[in-house]
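**Student:** Dropping a structure here in structure tokens format, bear with me for questions.
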Amino acid sequence: MQDHVLPARVFFALQMRSNGGMTEPLHPVPDTDRRLTDLEIKASFADDLLDTLNAQVAKQQEQIDLLLREVSRLRQRGGDDGLSAGPRDPRDELPPHY
């Protein structure tokens with residue numbers, strides 16, 4: 001028969017179960033294992049955060065590109081109606097309700 005080697009976490013869980021569900025394991029898990037698990041969890045959260053931020057940056061870049069096209073379109077349209085290219089004073093334009 002072939003001997004099976006169980007990972008430390010599985011072995012720990014089996015020890016807990018065979019210990020009647022007590023909170024203390026028969027053999028405490030080494031501090032290195034706990035630290036490694038903590039690092040794996042942190043790395044997982046960091047990867048998730050990186051993916052989220054990357055998606056947000058890509059979305060913002062699309063919005064910037066859209067706004068640049070809109071500004072360009074408005075500049076072209078402003079030049080087509082024969083008005084000066086200078087800034088307009090909003091006080092010179094009547095509100096829509098007049």
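The values are calculated or read from the model by the stated rules, or taken from the named source; none is laboratory data. Source: prediction; values computed, not measured. Backbone-built Cβ (ideal geometry, glycine too); neighbour counts: all protein chains shown.
Yes or no, residue by residue, for (1) at pLDDT 95 or above; (2) under 33 Å from the mean Cα position of the chain (by Cα); (3) outside any helix (DSSP H, G or I); (4) not charged (D, E, K, R):
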{"site": "Val5", "(1), (2), (3), (4)": "no, no, yes, yes"}
{"site": "Phe11", "(1), (2), (3), (4)": "no, no, no, yes"}
{"site": "Gly20", "(1), (2), (3), (4)": "no, no, yes, yes"}
{"site": "Glu24", "(1), (2), (3), (4)": "no, no, yes, no"}
{"site": "Thr32", "(1), (2), (3), (4)": "no, yes, no, yes"}
{"site": "Leu36", "(1), (2), (3), (4)": "no, yes, no, yes"}
{"site": "Gln61", "(1), (2), (3), (4)": "yes, yes, no, yes"}
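**Student:** How about segment 32-51: which of its residues are among the hydroxyl-bearing types (Ser, Thr, Tyr) and surrounded by 10 or more Cβ atoms within 10 Å (Cβ to Cβ)?
**Tutor:** Of everything in segment 32-51, those that are among the hydroxyl-bearing types (Ser, Thr, Tyr) and surrounded by 10 or more Cβ atoms within 10 Å (Cβ to Cβ) turn out to be Thr37, Ser44.
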